[in-house]
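The values are calculated or read from the model by the stated rules, or taken from the named source; none is laboratory data. Predicted model, so just to flag it, every value in this text is computed and none were measured. A quick note on method: Cβ atoms are made from the backbone with ideal geometry, for glycine too, and the neighbour counts reach across all protein chains shown. These accessible areas exclude ligands, DNA and RNA; they are computed on the full protein's heavy atoms, side chains included. Shrake-Rupley method; radii C 1.70, N 1.55, O 1.52, S 1.80 Å.
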Amino acid sequence: MKYNFDKLTDRRGVDSLKWDCAQGELPMWVADMDFENAPCIMDTVKARAERGIFGYTSVGEEWYSSIINWWSRRHSWNIRKDWLIFCTGVVPAITSMVKRLSEVGDDVILQTPVYDIFFHSIENTGRHVVENPLVYDGERYDIDFADLEAKLSRPNASLMIVCNPHNPVGRIWSAEELKKIGDLCIKHGVTLISDEIHCDITVPGTVYTPFASLGGQYADICAVCISATKAFNIAGLQCAAVVVPDTLLRTKIERGLNSDEVAEPNCFAAVATAAAFNGGEEWLEELRAYIAGNRAETEGFISRNIPQLKVVKGEACYLIWIDCSAVTDDAQALADHIRARTGLWITAGNRYRGDGAHFLRLNAACPRARLKDGLNRLKEGVDTFKN
């Protein structure tokens with residue numbers, strides 16, 4: 001490999017959210033990678049910093065063109081410039097859109113288990129979470145479309161949030177599945193927000209379909225959230241985009257993002273994103289291969305050494321979803337024990353609702369030596385856990 005993903009970088013002492021923990025602890029929880037950024041990003045940020053002035057900043061043409069070219073080249077989706085709205089992050093965008101595209105007391109449908117911040121975006125604004133639980137057959141998750149239609153047909157259902165690829169279960173929803181979701185949303189007059197932030201961290205050989213790329217009526221009812229932050233590990237620079245093909249829907253969303261003051265870039269955000277999409281493709285391809293190796297390492301280790309656990313086969317993300325139902329029906333108790341006993345800090349699935357209490361989530365985006373340390377700690381924690 002041209003890039004050294006085995007390098008053990010020390011992230012303590014820089015106010016890292018992930019690494020703000022006790023000495024001796026190993027954090028493998030939040031979706032934040034332990035790899036240094038692609039050189040093209042670091043060079044661009046350094047060059048911008050050397051200009052010496054950090055004043056108010058606008059979004060330049062390169063930001064637009066880099067996104068348009070990336071999604072056309074890698075994902076066969078032709079985005080128009082006027083569809084793109086800058087925002088400081090996917091979560092602020094979703095919270096803003098929940099407030100603008102639904103009313104207090106409305107139902108918002110989520111496919112659980114799912115990224116827990118969605119619940120905050122909905123419930124903190126006075127809306128109600130309505131779960132469409134994904135169906136787990138012991139190998140993978142699928143959508144219960146009969147239940148989904150029942151939830152979408154509720155009188156107060158106005159909005160649905162889809163996660164594609166899905167965090168934490170690792171599914172990439174197929175074009176056929178997305179069309180079925182879209183058909184039901186169109187039938188029942190429900191607007192759809194698609195969080196596609198993990199779309200570039202997919203298992204090599206898999207295909208991701210942007211929801212709006214389905215075109216026609218599907219594109220008219222949706223807003224797609226995208227960002228370089230997960231694939232290129234630049235969440236701290238606060239940069240994302242909402243892609244909205246429909247003019248009326250885009251006007252509502254853009255007004256909301258501006259009213260909520262989450263539509264202005266800091267001086268590094270847009271240039272770092274453009275650098276990633278214009279110059280980071282080779283780095284990303286090596287990263288995807290390395291993460292695929294980490295996923296295989298995790299699956300093999302657990303199969304051989306902790307057979308009471310089971311890794312759910314994932315198609316995307318660097319987050320490993322681990323079935324611990326043979327050990328406990330309370331993953332939080334197990335995760336707490338593992339951390340107290342071994343210092344390994346992973347996420348209990350309880351927070352993702354659905355059947356999450358039977359699962360653990362482990363972040364495998366780290367150098368392999370660190371991953372192996374974490375897996376050994378996981379084994380010790382499980383072996384010493386008393387149900």
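Of all the listed residues (ALA223, ALA241, ALA296), the sole one being free of Cβ contacts under 8 Å to residues at least 12 places away in the same chain, more than 18 Å from ALA38 (Cβ to Cβ) and among the aliphatic types (A, V, I, L, M) is ALA296. Of everything in region 350-371 that's among the hydrophobic types (A, V, I, L, M, F, W, C) and under 20 Å from GLU25 (Cβ atoms), which residue is most open to solvent (accessible area, probe 1.4 Å)? This residue is ALA369. In summary, strands (runs of 3 or more DSSP E) completely within region 184-246 and bearing 1 or more residues that are more than 20 Å from ALA316 (Cβ to Cβ), at pLDDT 95 or above and open to solvent by less than 20 Å² (accessible area, probe 1.4 Å) occur at 222-226, 240-243. A residue that is more than 13 Å from the chain's Cα centre (by Cα) and either under 14 Å from ILE143 (Cβ atoms) or basic (Lys, Arg) (or both) cannot be found anywhere in region 195-208. For first residues located in region 139-165 and in contact (Cβ under 8 Å) with a residue 60 or more places away in the chain and open to solvent by less than 50 Å² (accessible area, probe 1.4 Å), partners that are of a type outside the set (Val, Ile, Thr) and in a loop (DSSP other than H, G, I, E, B) and lie 6+ apart or on another chain with Cβ distances below 6 Å form the pairs TYR141/LEU134; TYR141/ARG171; LEU159/SER102; PRO165/HIS198; PRO165/CYS317.
Out of curiosity, is VAL130 of a type in the set (Val, Ile, Thr) and in contact with an Asp or Glu (Cβ under 6 Å, 6 or more places away or on another chain)? Taking the combined requirement at face value, the residue satisfies it.
Just give me the residues in region 372-387 being assigned to a loop (DSSP other than H, G, I, E, B) and either crowded, with 18+ Cβ neighbours inside 10 Å or not β-branched (Val, Ile, Thr) (or both), in sequence order.
PHE385, LYS386, ASN387
Residues in region 97-138 that are hydroxyl-bearing (Ser, Thr, Tyr), open to solvent by less than 40 Å² (accessible area, probe 1.4 Å) and more than 18 Å from the chain's Cα centre (by Cα): SER102, THR125.
Mind checking whether some residue in region 317-324 is surrounded by fewer than 19 Cβ atoms within 10 Å (Cβ to Cβ), in contact (Cβ under 8 Å) with a residue 60 or more places away in the chain, assigned to a loop (DSSP other than H, G, I, E, B) and in contact with a helix residue (DSSP H, G or I) (Cβ under 9 Å, 6 or more places away or on another chain)? No; the residues of region 317-324 include none that is surrounded by fewer than 19 Cβ atoms within 10 Å (Cβ to Cβ), in contact (Cβ under 8 Å) with a residue 60 or more places away in the chain, assigned to a loop (DSSP other than H, G, I, E, B) and in contact with a helix residue (DSSP H, G or I) (Cβ under 9 Å, 6 or more places away or on another chain). Scanning region 338-349 for residues that are part of a helix (DSSP H, G or I), surrounded by 23 or more Cβ atoms within 10 Å (Cβ to Cβ) and touching a residue at least 60 places away in the same chain (Cβ under 8 Å) turns up just one, GLY349. The residue that is least open to solvent (accessible area, probe 1.4 Å), among those in region 12-48 that are in contact with a strand residue (DSSP E or B) (Cβ under 7 Å, 6 or more places away or on another chain) and under 21 Å from TRP283 (Cβ atoms), is LYS18. Of the residues making up region 247-290, those that are among the hydrophobic types (A, V, I, L, M, F, W, C), part of a helix (DSSP H, G or I) and farther than 13 Å from GLY89 by Cα number 13.
Filter region 49-80 down to residues that are farther than 27 Å from LEU214 by Cβ and among the small types (Gly, Ala, Ser) and give me whichever is most open to solvent (accessible area, probe 1.4 Å). Checked region 49-80; the qualifying residue most open to solvent (accessible area, probe 1.4 Å) is SER58.
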